[in-house]
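Where a number appears in this text, it was derived from the coordinates with a stated rule and is not lab data. Remember, it's a predicted structure, so these values are computed and weren't measured experimentally. Neighbour counts are summed over all protein chains in view; Cβ atoms, including those assigned to glycine, are modelled from backbone coordinates with ideal geometry.
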Amino acid sequence: MTEKHTNGPDATSPWVVDVLRELSRRPGTMKPWVRDVPAPSDFGLEVIGVPAGDPIHLDLRLESVMEGVLASGTVSAHVVGECSRCLGELHEDVEVDVTELYAYPHSVTEETTDEEDVARIVDEKIDLEPAVRDAVLLELPNAPLCSDDCPGVPSPDEEAWAFVPAGTSRERIDPRWAALQERFSGGSTEN
């Protein structure tokens, strides 16, 4: 009984490119690869990301080079998240550049680099999803804001802030830290 190779890309995935069918191995051969592919369920950070199933637009160029296939171009998607100040929903469009080399089996690049340093062509297929995911995730903010001047969560008691002059921070200090505020602000809580 022969063992089936299970580490290769899923040929049915919209993220997978069949190198033999799409591109020849002759260096210099180039082909545009433009697609809208559905986002996987976990395509983002905890507070912002591409909703599952929403399209991610790939506008790539696949180029055969001596050591493998170079995929380069732009990726764009609509992301949805939560503002880290006011907790409101936010919508943004992101566009990122992607450049990834996929090494041929037994090439000098494959033999001289660690597996995690360069992507590989497996069973004459390349999986674009990890490179696109990395590029998009690096572009997403860890603390997204609906606007640069977002005031934060509105106070339930607007009169509580009436004494604060306009333009002054309305940050509420936790009473447990009040003593430290007094100490580091010169010992006085008066403005």
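Once you have a ≥ b ≥ c as the square roots of the Cα gyration tensor eigenvalues for the stretch 25-68, tell me rounded if a/c is under 1.5, and otherwise prolate or oblate according to whether a/b is larger than b/c.
Because a/c hits 1.5 or more and a/b exceeds b/c, the stretch 25-68 counts as prolate.
Students often get this wrong: which residues of the stretch 56-72 have the backbone nitrogen under 17 Å from the point 7 angstrom along Cα-to-C-beta of R35?
Flagged as within label range: 56-64, 69-72.
How big, on average over all directions, is the shadow cast by the Cα convex hull of the stretch 38-95, in nm²?
Result: a mean projected hull area of 4.9 nm².
Give me the percent relative contact order of the stretch 94-146, please, defined on Cα pairs under 8 angstrom at least 6 residues apart.
42 percent
Scan the stretch 2-106 for GluC sites (Glu not before Pro) in coil per DSSP, keeping those whose Cβ has at most 13 other Cβ atoms within 10 Å, and list them by number.
Qualifying residues, ordered by number: E3, E46.
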